[in-house]
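What follows is a single structure, written as structure tokens, with notes after it.
The values are calculated or read from the model by the stated rules, or taken from the named source; none is laboratory data. Predicted model, so just to flag it, every value in this text is computed and none were measured. Heads up, the Cβs are rebuilt from the backbone with ideal geometry, glycines too, and the neighbour counts pull from every protein chain shown. With ligands, DNA and RNA removed, areas are computed over all heavy atoms of the protein, side chains included. Shrake-Rupley method; radii C 1.70, N 1.55, O 1.52, S 1.80 Å.
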Amino acid sequence: MKKRLMFLALAAVGLASCNGGFKKLDAGMEYKIADDKSGPSIKEGDYIFFNFTVKNDADSVMQTSTGRSMPQMTAMPKDSLLKGNIMEVFSYLSEGDSVVIRQDIDSVMKGRQRPPYLKGKKIAYEVRIEKVIAKGNLSDEVFRGRVKAYVQKIEDAAKSAEPVAIKKYIADKKLKVTTTSSGLNYIITKQGEGPTPAPGDTVEVNYAGTFLNGKGFDTNIKSEAARLKLPINPMSPYKPIRFVPNTPGMIQGWSEAFMLFNKGTKATLIIPSSLAYGEQGDQIIGPFTPLVFDVELVDIIPAKPGSAQPAKSPVVKPAK
């Protein structure tokens, strides 16, 4: 699986249908605080950890961070940069608050071409502020230390929880897995025929990726995108992808798995983060996040005679 997945940007998609009680800002943005906790409002320079869900006009989820090990995080911008940005609403919030923010799509996409998948009149973001680290009068060094310590706390918890979560997932589903020495878990659901790939061969693969909670995050199969309630990308060909195992740009779990399978094999892979995106995560995939893939090895394309064979690589870290 490629290291850089294409995901919808938080500021470019979604909407929720809500009724009444919305306040309107000068830029036309509307918001409604659904859960109002006591505490100081977020101020310029504060560091914010938050989860979000983005929905379309039909109340369909387009993107979400909820349920992942690491929430979104960012520093609160200067007041002068907030007008018309959804984070303008954050200045009215405090730690623990939940809010629904609505915008006109035409306003969001002003000066840019609207993507074909972004339909309807409005977009909306359901946001929950999980943690606020106030900058106040703290020195930059102390402030950065507090942010780093909180991130480390989340990562340590995710690291400890990962093997327990994988074991529970396998037990709950009563799966009879094969586990390799590296920690890769797989179940062959349809046995293929013929030889397995040789070093340097190209494999052609269909896949659908989910988190352990069943939420989908990527697929190259249109019907699976619909089933997993992922946005249908009209620019995607929705056809098998091709790659050479053990070359840069692929997670180790994929490289290892597809070297074990015959052409036509279908399997479920349960990949620990050590064979995927590791302690850093990648875009919407949090640190120490195990992944589940339903895959099919559609074809094996032999390497051309004399072509260089890839050496077996260690875990490929996400590109910066």
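Selection of the stretch 6-21 for residues being over 30 Å from residue 140 (Cβ atoms) and either surrounded by 14 or more Cβ atoms within 10 Å (Cβ to Cβ) or modelled with pLDDT of 90 or more (or both) yields 7, 8, 12, 13, 14, 15, 16, 17, 18.
Results for (1) under 24 Å from residue 46 (Cα atoms); (2) at pLDDT 90 or above; (3) out of contact with any Lys or Arg (no Cβ under 8 Å at 6 or more places or on another chain), shown as yes or no for each residue.
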position: 63; (1), (2), (3): no, no, yes
position: 73; (1), (2), (3): yes, yes, yes
position: 76; (1), (2), (3): yes, yes, no
position: 82; (1), (2), (3): yes, no, yes
position: 89; (1), (2), (3): yes, yes, yes
position: 98; (1), (2), (3): yes, yes, no
position: 104; (1), (2), (3): no, no, no
position: 107; (1), (2), (3): no, no, yes
position: 112; (1), (2), (3): no, no, yes
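Looking only at residues in the stretch 275-307 that are at pLDDT below 95 and part of a strand (DSSP E or B), the one that is farthest from residue 50 (Cα to Cα) is 282.
Here residue 223 clears all of (1) among the polar types (S, T, N, Q); (2) touching a Pro at 6+ places or on another chain (Cβ under 7 Å); (3) modelled with pLDDT of 90 or more except the condition numbered (2).
Among the residues in the stretch 228-238, are any assigned to a strand (DSSP E or B), hydrophobic (A, V, I, L, M, F, W, C) and modelled with pLDDT under 95? Looking through the stretch 228-238, none of the residues is assigned to a strand (DSSP E or B), hydrophobic (A, V, I, L, M, F, W, C) and modelled with pLDDT under 95.
Matching residues to (1) farther than 19 Å from residue 186 by Cα; (2) hydrophobic (A, V, I, L, M, F, W, C):
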site	(1), (2)
219	no, no
225	yes, yes
230	yes, yes
233	yes, no
239	yes, no
245	no, no
248	yes, no
252	no, no
255	no, no
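Scanning the stretch 263-274 for residues that are hydroxyl-bearing (Ser, Thr, Tyr) and assigned to a loop (DSSP other than H, G, I, E, B) yields one hit, 265. The set of residues from the stretch 228-256 being β-branched (Val, Ile, Thr), within 25 Å of residue 273 (Cβ to Cβ) and open to solvent by 30 Å² or more (accessible area, probe 1.4 Å) comprises 241, 244, 247.
Every condition in (1) among the polar types (S, T, N, Q); (2) within 15 Å of residue 126 (Cα to Cα); (3) in contact with a Leu (Cβ under 9 Å, 6 or more places away or on another chain) holds for residue 85 except the one numbered (3). Filtering the stretch 22-74 to residues that are of a type in the set (Val, Ile, Thr) and either surrounded by 14 or more Cβ atoms within 10 Å (Cβ to Cβ) or more than 22 Å from residue 154 (Cα to Cα) (or both) leaves 33, 42, 48, 53, 54, 61, 64. Among the conditions (1) surrounded by fewer than 18 Cβ atoms within 10 Å (Cβ to Cβ); (2) at pLDDT below 95; (3) touching a Ser or Thr at 6+ places or on another chain (Cβ under 9 Å); (4) closer than 20 Å to residue 301 by Cα, residue 259 misses just one, which is (2). Here residue 166 passes the criteria (1) in contact with a Pro (Cβ under 8 Å, 6 or more places away or on another chain); (2) modelled with pLDDT under 95 except the one numbered (2). In the stretch 117-172, the residue that is surrounded by the most Cβ atoms within 10 Å (Cβ to Cβ) out of those that are aromatic (Phe, Trp, Tyr) and not in a helix (DSSP H, G or I) is 125.
Checked against (1) in contact (Cβ under 8 Å) with a residue 60 or more places away in the chain; (2) in contact with a Gly (Cβ under 9 Å, 6 or more places away or on another chain); (3) surrounded by 18 or more Cβ atoms within 10 Å (Cβ to Cβ), residue 225 passes all but a single condition, namely (1).
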